[in-house]
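Notes for the one structure printed next.
Only the coordinates and a few stated rules stand behind these numbers; no lab work does. Just so it is clear, the structure is predicted and the values come from calculations on it, not from any experiment. All Cβ positions, glycine included, derive from the backbone under ideal geometry; neighbour counts span all protein chains shown.
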């Protein structure tokens, strides 16, 4: 076991031990959204060609759960370790900034996939959601949740109190994930909101992820792929810089 | 036995650190030799924890250099941290894991796995009287047990240099004795030990050399014996048969305290002599029935060095 795999394993073990809260609860939340929205807009016309509204909702809810849980995993682990002081055990070890960052992000991706797979399996008996492009699905799943895991590292490093982190989560991550086309198509929005939505990087993750299922989307999939990859690289670079400099970690 | 370092166990040169307007370290130069039991003493705010944090890589110095076993704590941080184990002052723990999980993860951070390390971790649990708590969650342990887990965590990678930052603060007498027995054993096995403590009698008994810090500087750095010789004062208690109404003039300035028939004098080492005090009392007509002297302790030296105006 090298340092990276030990920290990765620790982060997996951490959320596994409280999986009722970290996996089961978000699955239930996603299913409730599905129940409420599907019930309310059942008679609505197809959003994408040949895709019912209920089916349309499933990839969006999966990706929204992945985004929120990937962020929550790395950020909450870091803030808890900082506040309780046990982060010292990691900081005293010979782990590099890259190993530190990669372990937190990789564990965030695993939790995101655990939640998404559970949501998918839970809705499968009721809604037909075919997988047209599994590689796109995998790419957007991995890099979308990795980007939010990296954002969680930034927030966890930056925050010094739980309420600061809660502010980041409630005023940045949750609004961006709700306003990213989970419940509607970009085409249904008035032009001004459509343009504003295009500035939200999470929109491309959800739209690209949806393309992986249905083979059609609001935005060209390669463009979404480039934005998602670029966003991942940008937040990773920032997170690595902060961790490498020991910002609010080694002072 | 623990393998030797290539060079001194700890080397510190020209170390400066400030936090805003507060200067925590003002140019520290220090060398701890391999195999030493070294005491790092000083009042609160002297800079001990800042120095330890820089050595451990938890804080970055503004200027100067620090190395563990010859490895720079910044440039060669991986080797430096492999050579160092730190028992932190505060009892901190991860509430998600059991004791065995905590030790396995800590070993994993150092890239250690396999039967040899597992056996060492079990040995640590046994030695630190934690074997029956190995599968208990950290939250369920008493304060003393958590502190012992901290020690095990610091030793899980068999570091050549071990820093114990006030390891016995708030620890009961029995546990303190067992901790020191264990630390003595580590020292005998070749570990370099650096100890900070507010219990100066512990440092006096255990340490070979001692640095006393004050205001971010090293106020004294010497062998324990040499430091004790630095003591300026010693105490002489004299009990007379009758109360002394009026003390001979030469003794008045030396009187520290009067309790019934007992007079306590503070004498300057090297200049004041006990026979002269006794003779002065005899000449004044007082009959001495008992005397007691108290030699300087590390505590006296510590107080003299840290309370002297800068």
For the peptides A:65-73, A:127-135, B:81-89, A:48-56, what is the packing order when you average, over each peptide's residues, the other Cβ atoms within 10 Å and list the highest mean first?
A:65-73, B:81-89, A:48-56, A:127-135
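Using only the Cα atoms of the range A:173-251, build the gyration tensor, take square roots of its eigenvalues as a ≥ b ≥ c, and label the shape rounded, prolate or oblate: rounded if a/c is under 1.5, else prolate if a/b is larger than b/c, else oblate.
Prolate is the answer for the range A:173-251, as a/c is 1.5 or above and a/b outweighs b/c.
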Summing -39500 (n - 2.57) over every DSSP H run of at least 4 residues in chain A and dividing by its residue count gives a helix-only mean residue ellipticity at 222 nm, to the nearest 500 deg cm²/dmol, of -23500 deg cm²/dmol
Computed over all unlike Cα pairs, the Kirkwood hydrodynamic radius of the range A:111-176 in Å stands at 14.0 Å
Rank the residues B:31, B:246 as a footprinting-exposure proxy: fewest other Cβ atoms within 10 Å of their Cβ go first.
B:246, B:31
Antiparallel DSSP beta bridges within the range B:10-228, as percent of all bridges there, nearest 5
60 percent
Give me A:119, B:32 ranked fewest to most by other Cβ atoms within 10 Å of their Cβ, as a rough exposure proxy.
B:32, A:119
Counting other C-beta atoms within 10 Å, which of B:156, A:18 has the fewest, and how do the rest follow?
A:18, B:156
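Please quote Rg/Rh for the range B:132-240 to two decimal places, taking the Kirkwood radius as Rh and restricting both calculations to Cα atoms.
When Rh is taken as the Kirkwood radius, the ratio is 1.07.
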Across peptide A:79-92, how many C-beta atoms of other chains are within 10 Å of each residue C-beta, on average?
5
Extent along principal axes [Cα atoms of chain B; Å; largest to smallest]:
80, 45, 37
Taking Cα atoms, the helix B:99-109 axis meets the longest principal axis of chain B at an angle in degrees (rounded to 10) of 70 degrees
Extent of the protein assembly as shown along each principal axis, from alpha carbon coordinates, in Å, largest to smallest?
119, 51, 41
With everything on Cα atoms, drop me the angle between helix A:134-158 and the longest principal axis of chain A, reported from 0 to 90° to the nearest 10.
40 degrees
For the protein assembly as shown, share of DSSP beta bridges that run antiparallel, in % to the nearest 5:
70 percent
Cα centroid distance between the range A:110-125 and the range B:90-135, in Å?
34 Å
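Tell me what chain B gives for mean residue ellipticity at 222 nm when only DSSP H runs of n ≥ 4 count, each as -39,500 (n - 2.57), the sum divided by the residue total, rounded to 500 deg cm²/dmol.
For chain B, the value works out to -10000 deg cm²/dmol.
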So how tilted is helix B:298-307 from the main axis of chain B? Cα-based, degrees 0 to 90, rounded to 10.
90 degrees
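Going by average Cβ density within 10 Å per residue, which order do the peptides B:11-18, A:209-216 take, highest to lowest?
A:209-216, B:11-18
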Is the range B:1-146 rounded, prolate or oblate when judged by the Cα gyration tensor, a ≥ b ≥ c being the square roots of its eigenvalues, rounded requiring a/c under 1.5 and prolate requiring a/b larger than b/c?
prolate
Using Cα-only point scatterers and the Debye equation, what is log10 of I(q)/I(0) for the range B:232-294 at each q in 0.20, 0.24, 0.29 Å⁻¹, rounded to two decimals?
-0.69, -1.03, -1.57
Can you give the mean number of other chain Cβ atoms that lie within 10 Å of the Cβ atoms in peptide B:109-117?
5
Ranked packing of B:185-196, B:41-52, most packed first, by mean Cβ within 10 Å:
B:41-52, B:185-196
Convert 10 °C to kelvin, take the viscosity as 1.306 mPa s, use the Kirkwood radius over C-alpha pairs of the range B:105-163 as Rh, and evaluate the Stokes-Einstein diffusion coefficient in µm²/s, rounded to a whole number.
133 µm²/s
Cα gyration tensor, the range A:3-245 - rounded (a/c under 1.5), prolate or oblate:
prolate
State the volume of the convex hull built on the alpha-carbon positions of the range B:131-172, expressed per residue in Å³ and rounded to an integer.
86 Å³
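Can you give the mean number of other chain Cβ atoms that lie within 10 Å of the Cβ atoms in peptide A:93-106? Walk me through the numbers on the way to the answer.
Working: counts 12, 14, 6, 2, 0, 0, 1, 1, 0, 0, 1, 0, 0, 0.
Per residue, the average neighbour count from other chains is 3.
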